[in-house]
Amino acid sequence: MTEAKTKKIDNAEEISEELLEKEIEKELIAETREQRIEREREADKEREITSWVPKTKLGKEVKDKKIKNIDEILDSGRKILEEQIVDSLLGVKSDLISIGQSKGKFGGGKRRAWRQTQRKTQEGNIPTFSTLAVVGDENGHIGIGMGKAKETLPARDKAIRQAKLGVIKIRRGCSSFDCACTELHSVPFKVEGKSGSVRVILIPAPQGTGLVVANELKKILKLAGIKDVYSKTFGKQRTTFNLAKACVEALKKTNKGGIK
Ligand SMILES: [Zn+2]
């Protein structure tokens, strides 16, 4: 009787184990599906880089692996004219800064990535979309670029291309007075950037502070690889374009020296 009972329990365990295995298997399949998409994306990128025929001298040097680090190019001050140079040397991610606003009653004005403008002609209104893209490797490299086109996607591609071509190197550090680590999690000192009427000041912050900045600037700082920073902004901040540009200008200054 007890033997039978044990057998039954054993059986139950076996069944649940079987179920568990099935669950794990399912999860594995789900995971590989996601990984597959990622792999395909990687492969696409790889293929694009392999099939790339460089047109500039700098491009050829990168393709021939004579240049292995983007910093070599940025330090020498040579101009990047092909986005594939950045693609092959840096693993960049991109994001769009909301510079436009949707139309509508009751407030409207919601932030959108696309700014829509119109040109009037005899045939009617011709819309143009513009957008501001930011690219970065989350490790000290950042670029922003503007793109305009008759449709949204080409505008985005143009903006991302511009952002890649304009990539800059920034210095990071930790010099907040109440943080004594050696990690590169903030700006090395207080820096200021200007664009139009907008002024952005970035101030070193201790670990765990997070990004104390306007939402749209978080995207830029995150892609630059900065985790903690305080900020002050002056001027008409609703002009997000100037705000973003001023932020990048401030980051650029990390290569020079701080302000008091
Ligand atoms: Zn620190």
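The values are calculated or read from the model by the stated rules, or taken from the named source; none is laboratory data. Every value quoted in this text rests on a predicted model; they were computed, and no experiment measured them. Counting neighbours? That spans all protein chains shown, and the Cβs are built from the backbone with ideal geometry, glycine included.
All told, Ile142 meets the bar of being within 23 Å of the chain's Cα centre (by Cα) and surrounded by 16 or more Cβ atoms within 10 Å (Cβ to Cβ).
Among the residues of the stretch 166-174, is there at least one that is within 16 Å of the ligand (Cβ to nearest atom), surrounded by 15 or more Cβ atoms within 10 Å (Cβ to Cβ) and part of a strand (DSSP E or B)? Yes, there is a match, as at least one residue in the stretch 166-174 is within 16 Å of the ligand (Cβ to nearest atom), surrounded by 15 or more Cβ atoms within 10 Å (Cβ to Cβ) and part of a strand (DSSP E or B). For the stretch 20-63, taking the residues that are surrounded by 10 or more Cβ atoms within 10 Å (Cβ to Cβ) and not in a helix (DSSP H, G or I), the one that is nearest to the chain's Cα centre (by Cα) is identified as Trp52.
Looking across the stretch 45-101, the residues that are of a type in the set (S, T, N, Q) and under 28 Å from Glu216 (Cα atoms) come down to Gln84, Ser88, Ser94, Ser98, Gln101. Does at least one position in the stretch 14-35 carry a residue that is at pLDDT below 85, within 26 Å of Ile160 (Cα to Cα) and of a type outside the set (A, V, I, L, M, F, W, C)? Yes, the conditions are met somewhere in the stretch 14-35. Of all residues in the stretch 138-153, one or more are away from the ligand (no atom under 16 Å from the Cβ), more than 13 Å from Leu223 (Cβ to Cβ), assigned to a loop (DSSP other than H, G, I, E, B) and charged (D, E, K, R). Pairs linking a residue in the stretch 213-241 that is assigned to a loop (DSSP other than H, G, I, E, B) to a residue that is crowded, with 20+ Cβ neighbours inside 10 Å and among the aliphatic types (A, V, I, L, M), with Cβ atoms under 6 Å and 6 or more positions apart or on different chains, are Asp228/Ala205; Gly235/Val198; Gln237/Leu243.
Can you tell me which residue is farthest from Lys256 (Cα to Cα) among those in the stretch 183-201 that are away from the ligand (no atom under 16 Å from the Cβ) and hydroxyl-bearing (Ser, Thr, Tyr)?
Of the residues in the stretch 183-201, the ones away from the ligand (no atom under 16 Å from the Cβ) are 191-201.
Pick out the ones that are also hydroxyl-bearing (Ser, Thr, Tyr) and you get 195, 197.
Working: Ser195: 18, Ser197: 22 Å.
If we take residues in the stretch 183-201 being away from the ligand (no atom under 16 Å from the Cβ) and hydroxyl-bearing (Ser, Thr, Tyr), then Ser197 is farthest from Lys256 (Cα to Cα).
Going by what's in this entry, would Thr209 be described as crowded, with 16+ Cβ neighbours inside 10 Å and within 16 Å of the ligand (Cβ to nearest atom)? Considered against the rule, which asks whether it is crowded, with 16+ Cβ neighbours inside 10 Å and within 16 Å of the ligand (Cβ to nearest atom), Thr209 comes out as yes.
Residue by residue, here is whether (1) over 30 Å from Glu183 (Cβ atoms); (2) charged (D, E, K, R) holds:
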{"residue": "Gly100", "(1), (2)": "yes, no"}
{"residue": "Leu132", "(1), (2)": "no, no"}
{"residue": "Glu138", "(1), (2)": "no, yes"}
{"residue": "His141", "(1), (2)": "no, no"}
{"residue": "Gly145", "(1), (2)": "no, no"}
{"residue": "Arg156", "(1), (2)": "yes, yes"}
{"residue": "Ala159", "(1), (2)": "yes, no"}
{"residue": "Lys164", "(1), (2)": "no, yes"}
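Against the list (1) closer than 21 Å to Ser94 by Cβ; (2) in contact with a Lys or Arg (Cβ under 8 Å, 6 or more places away or on another chain); (3) outside any helix (DSSP H, G or I); (4) of a type outside the set (A, V, I, L, M, F, W, C), the condition Gln207 fails is (1).
Does Glu82 count as surrounded by fewer than 16 Cβ atoms within 10 Å (Cβ to Cβ), out of contact with any Asp or Glu (no Cβ under 7 Å at 6 or more places or on another chain) and not assigned by TED's automatic domain parsing to the domain that holds Thr117? Don't jump to the end; show me each part of the working.
Numbers: surrounded by fewer than 16 Cβ atoms within 10 Å (Cβ to Cβ): no; out of contact with any Asp or Glu (no Cβ under 7 Å at 6 or more places or on another chain): yes; not assigned by TED's automatic domain parsing to the domain that holds Thr117: yes.
For Glu82, the condition - surrounded by fewer than 16 Cβ atoms within 10 Å (Cβ to Cβ), out of contact with any Asp or Glu (no Cβ under 7 Å at 6 or more places or on another chain) and not assigned by TED's automatic domain parsing to the domain that holds Thr117 - is not met.
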